[in-house]
Amino acid sequence: MKRTKILFLSLMAVLACSRQAGTTTGSTPEVEARVDKLLSQMTLQEKIGQMNQISAGGDVAQYAEALRAGQIGSILNEVDPEKINEYQRLAVEESRLGIPLLVSRDVIHGFHTLFPIPLGLAATFDPELVEKGARIAAIEATAQGIRWTFSPMLDIARDPRWGRIAEGSGEDTYLDARMGEAMVRGYQGNLADSTSMAACIKHFVGYGAAEGGRDYNSTYLTERQLRNVYLPPFEAAVKAGALTLMTSFNDNDGVPSTGNTFVVKDILRGEWGFDGLVVTDWNSMGEMIAHGFGEDRKDVAEKAVKAGVDMDMMTYGFLSHLEELVKEGAVKEKAIDQAVRNILRVKVMLGLFEHPYVDVAAGRAVQYAPEHLAAAQKTAEESAILLKNTGVLPLKAGVRMLVTGPLADAPHDQLGTWSFDGEKEHTVTPLKALQARFPGQVTYVPGLQFSREKRERFDDVLAAARHADVVLAFVGEEAILSGEAHSLADLNLKGSQSELLKALRSTGKPVVAVVMAGRPLTIERDLPHCDALLYSFHPGTMGGPALANLLFGDVVPSGKTPVTFLRTAGQAPMYYNHNMTGRPFIGGLLLDDIPLEAGQTSLGNTSYYLDYGAYPLFPFGYGLSYTTFAYSDIRLDKGVYGKDDVMGISFTLTNTGNCEGTEIAQVYVRDLVGSVTRPVKELKAFERITLAPGESRTVTLSLPVSELAFYGLDMVKKVEPGDFQLWVAGDSASGEALSFKVK
Ligand code: NOJ
């Protein structure tokens with residue numbers, strides 16, 4: 001035992017010595033020496049060429065001259081492995097220095113085998129499983145020559161009107177950070193391996209705070225909000241070794257990210273020491289002209305490079321103007337060298353110089369491998385959230401089902417947003433899964449062909465419902481209603497879906513609603529019209545079998561809401577970890593209770609809406625199971641902690657129901673008094689715990705007191721001593737507070 005430990009420690013010491021000091025990518029002196037040697041042989045034009053990323057596609061020959069001249073450092077959007085090999089061949093064999101290309105793609109929640117959308121991944125609260133999914137995505141994508149993915153998206157999203165909420169981990173900083181690290185580990189795997197794919201953490205920074213939830217809109221985040229809420233997931237992913245980062249489209253407080261020296265140069269490079277590659281978003285350099293932040297392409301190219309951007313995605317600003325800017329003395333060649341170093345470092349670390357090509361036939365063989373499909377199914381099972389159940393679920397094996405709704409057999413839509421390479425021919429829909437498993441028990445009448453369809457009468461569906469024991473209604477959103485540029489102001493079910501549910505309910509048959517969507521829709525008006533509701537987000541390729549297993553109890557739902565579910569879109573932004581106000585809600589009159597001509601007063605009022613009250617429909621971290629859980633004996637190992645202590649939190653969880661189930665236990669903390677106002681609660685830890693019926697387990701979690709640090713009045717990150725409260729519960733709105741002190 002001792003010997004193993006000593007060996008391990010010496011190995012760590014060797015690794016630590018060979019790792020370049022101050023690197024976050026894990027670069028070594030050998031890598032740096034190679035990069036420097038290459039750099040010393042490059043002309044200024046060749047260096048600038050490395051900083052240029054273009055969208056490929058179509059005929060490779062049209063890019064041949066530029067590749068031979070070393071004018072392209074990276075391509076995106078080519079997925080044909082034969083063409084990718086040809087691009088690489090032109091770069092490696094026909095350019096002067098033979099530098100391979102970084103071939104990139106938006107591999108967001110799987111490549112061919114699609115996993116649930118990232119918001120669904122977050123609902124699993126299972127970083128290990130999410131890491132495995134990212135690994136599988138990398139295995140499939142790298143097998144076709146793609147070595148760089150523009151994922152994970154780490155934007156905190158507190159407004160479900162924003163369509164890109166689908167692409168991230170929701171509203172919580174801690175959960176987002178854990179998911180981000182997991183994806184970085186999964187994509188990058190072992191860098192020396194040819195299945196390693198560089199991760200790109202995006203969009204730096206604040207993009208999810210678009211005013212009004214309208215994509216591309218301005219954000220107004222203070223430095224403190226950035227540092228306490230929006231930046232930590234990026235910092236965690238940088239620490240996890242993310243090789244690349246993307247700047248965002250938005251301007252924050254007037255400064256577009258691609259020209260934002262404070263966030264890129266000072267924080268990312270300076271404070272965190274990031275030595276990876278910074279790429280712009282698609283033409284986000286060019287968009288600085290539309291923002292009115294630069295006069296022309298030359299001006300924005302100068303601003304971007306000075307802010308610390310290394311690679312230009314599709315503005316051609318660097319390619320057209322950097323040489324001129326260097327010659328004029330406006331940009332130093334040293335700055336160009338630094339950018340090129342960051343790019344070459346990634347290429348060297350990925351082993352691209354040794355293995356620029358892929359084996360096309362072998363690459364095809366790994367797509368949709370059975371173990372990939374099995375992992376996608378397990379992830380879809382863990383990501384579904386049970387939001388209502390009067391006891392109709394799980395279903396009994398012999399039931400006659402009416403399957404209905406626009407998402408019951410929508411192989412394209414169930415894949416969700418950013419599923420470029422998912423092929424609907426491989427999707428298993430709930431209808432197909434149920435028909436295969438229960439031949440003769442399924443009647444299918446879609447009712448609505450797509451989610452936006454409007455229809456007055458549902459006679460055909462209702463007639464079929466009368467012959468069924470249970471109605472399974474698959475409703476939600478088409479994939480195209482969420483994702484980039486697809487913001488919504490109204491979050492109710494679209495088309496006549498609510499009317500369909502209402503009509504089905506009128507038959508007196510039990511109605512089970514399954515919602516497939518890219519965001520938390522406002523489903524309050526639909527809840528009375530179903531006996532059970534399972535929220536699956538867009539569940540990916542294997543959503544069908546996963547949902548069949550959940551409906552019939554082969555798998556017990558365990559997902560929890562990664563974002564607050566609103567009663568109405570007008571409540572947005574509403575999130576659980578808001579700051580303490582001076583008027584916390586203690587009740588108040590609602591619209592219909594207010595007397596006519598009531599007198600205006602400021603006294604006794606608290607923070608809420610007259611029409612929708614103070615609370616959401618479902619809080620963050622919420623989700624039911626087919627069993628029930630009870631928390632008891634929640635204890636802290638001390639009452640007073642020092643700043644360097646590690647808190648020991650223990651509790652007993654009991655499965656008080658009739659079947660095995662998994663609970664996601666959550667630990668929340670409130671810092672009662674700070675130099676600035678603090679959130680009412682913040683998630684600090686979570687744990688998935690599986691228990692047999694009647695089983696109890698005492699669980700102990702460790703929480704370093706340093707995790708309570710934040711940026712206070714002096715903008716220095718530290719733990720402020722004082723009184724705290726802590727909850728251990730199954731969601732963010734439950735549990736009894738314990739008290740402790742930090743001295
Ligand atoms: C624009 C999107 O904002 C970004 O997330 C994506 O990676 C790039 N386009 C490349 O497709």
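According to the square roots a ≥ b ≥ c of the eigenvalues of the Cα gyration tensor, what is the shape class of the range 225-384, taking rounded for a/c under 1.5, prolate for a/b larger than b/c otherwise, and oblate for the remainder? Since a/c reaches 1.5 and a/b is larger than b/c, the shape of the range 225-384 is classed as prolate. Centre-to-centre, using Cα atoms only, the range 627-682 and the range 489-510 are separated by 38 Å. Across the range 452-607, C-alpha contacts under 8 Å between residues 6 or more apart give a mean separation that, scaled by the residue count, equals a relative contact order of 20 percent. Mean sequence separation of contacting Cα pairs (under 8 Å, at least six apart), scaled by the length of the range 37-154, corresponds to a relative contact order of 23 percent.
When both the range 463-484 and the range 37-60 are represented by their alpha-carbon centers, they are found 50 Å apart. By the beta-carbon count within 10 Å of each Cβ, the least crowded to most crowded order of 297, 147, fewest first, is 297, 147.
Distant-in-sequence amide contacts of residue 629, defined by a placed amide H-H separation under 5 Å and a gap of 5 or more residues or a different chain, comprise 656.
As a proxy for reagent exposure, ranking 126, 459 by other Cβ atoms within 10 Å from fewest up yields 459, 126. Estimated from helical segments only, the mean residue ellipticity of the chain at 222 nm is -8000 deg cm²/dmol, where each DSSP H run of four or more residues counts as -39500 (n - 2.57). For residue 41, neighbours were defined as the other residues whose beta-carbon sits under 14 Å from its Cβ, and their charges (Lys and Arg +1, Asp and Glu -1) total +2. For the chain, the relative contact order comes to 13 percent (Cα pairs under 8 Å, sequence separation of at least 6).
For the range 299-355, what does the alpha-carbon gyration tensor say about shape, rounded, prolate or oblate, given a ≥ b ≥ c as the root eigenvalues, a/c under 1.5 as rounded, and a/b over b/c as prolate? It comes out prolate by the Cα gyration axes.
In a reduced charge model with +1 at each Lys and Arg Cβ and -1 at each Asp and Glu Cβ, the range 272-398 shows a dipole moment near 520 debye about its Cα centre. Legend: ranking of residues 736, 235 from fewest to most surrounding C-beta atoms inside 10 Å; resulting order 736, 235.
Since every read-out is calculated from the coordinates, none of them should be taken as a lab result. On a predicted model such as this, the values are computed, not experimentally measured, just so you know. For neighbour counting, all protein chains shown are included, and Cβ atoms are generated from backbone atoms with ideal geometry for every residue, glycine included.
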